[in-house]
Amino acid sequence: MEARVLPTAPDLTELPGEDLTTSALPEVAGWIAIYEELATVLRSVISRADGSEEVAFIEDRLMAWRDRHAELAGVVIDHKDHSLTYGGKSIRLTRREADLLDFLLRHPKRPFTSKQLATLAWQNSRLSDAQVRTYVMRLRSRLREVGLEQVITVVRNRGYGIAASLGRGAE
């Protein structure tokens, strides 16, 4: 019986068409969505076959795209003092406001329900929908102070999200 040689996995440094130097925020948001989907699939399928390296690669690329989005958006969140800098202006945020904004920025163009935000952004499933709405409303008000009044969007019946065209890299 002849031994069958299996093809090796391709060198996955980037996907076709992927360009981490792009300055188009909607394109960056698209790549984030692609890698989020890949990460979800790989976590559920490949990790069962002990493919942790493949999952780590996808997670690393996802982090790189999220960092690129934050860079292009020009929004800098200092997690030590919960401050936000944008367009040369700085404001102080509460810890929850900073965590919410950071979470939404790292997941552009994806709406999240109040329950999802409570769990994913703050790891606190006990927050009520009304409490989450209050935090969102307060954060939107604070963002107005630095010229980001339209950054948090509301998608009817789906939740809150971040506008993909945010920041100086917007088209």
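List of remarks:
- Packing here is the average count of other Cβ atoms within 10 Å per residue, and on that basis the peptides 19-25, 111-117, 82-88, highest first, run 111-117, 82-88, 19-25.
- Applying a DSSP loop filter and a limit of 11 other Cβ atoms within 10 Å to the trypsin sites (Lys or Arg not before Pro) in segment 73-111 leaves Lys80.
- Dimensions in Å of segment 32-135 - Rg and Dmax from alpha carbons: 15.8, 49
- Extended-chain gain in nm, criterion 0.36 nm per residue less alpha-carbon gap, Glu14 and Thr153: 47.0 nm
- For segment 72-121: accessible area per residue (Å², 1.4 Å): 46
- Net length gained if the chain between Thr22 and Glu145 were fully extended (0.36 nm per residue, minus Cα distance): 41.4 nm
- Close amide H partners of Leu93, meaning residues 5 or more places away or on another chain with modelled amide H under 5 Å apart, are Ser83, Leu84.
- Averaging 1/r over every pair of different alpha carbons in segment 66-105 and inverting the result gives a Kirkwood radius of 10.1 Å.
- Here the Karplus relation 6.51 cos²θ - 1.76 cosθ + 1.60, evaluated at θ = phi - 60°, turns the backbone of segment 112-119 into coupling constants of 10, 6, 4, 5, 4, 4, 4, 6 Hz, with x for every Gly and Pro.
- Across segment 89-98, coupling constants 3J(HN,Hα) worked out from phi with the 6.51/-1.76/1.60 Karplus curve, θ = phi - 60°, read 10, 10, 9, 8, 10, 6, 4, 5, 5, 5 Hz, and Gly and Pro carry x.
- Zero-based 10 Å bins, Cα pair distances in segment 113-157, whole percents: 27, 50, 23, 0
- Whole-Hz couplings from phi, Karplus 6.51/-1.76/1.60, listed for segment 28-44; x for Gly and Pro: 4, 4, x, 5, 4, 4, 4, 5, 5, 5, 4, 4, 4, 5, 5, 4, 7
- Length released on extending from Arg92 to Val41, taking residue separation times 0.36 nm less the Cα-Cα span: 14.6 nm
The values are calculated or read from the model by the stated rules, or taken from the named source; none is laboratory data. Keep in mind that what you see is a predicted model, and the values were worked out from it rather than measured. Here the Cβ is made from the backbone with ideal geometry for all residues, glycine too, and neighbour counts use every protein chain on show. Please note that ligands, DNA and RNA were not included when accessible areas were found on the heavy atoms of the full protein model with its side chains. Shrake-Rupley method; radii C 1.70, N 1.55, O 1.52, S 1.80 Å.
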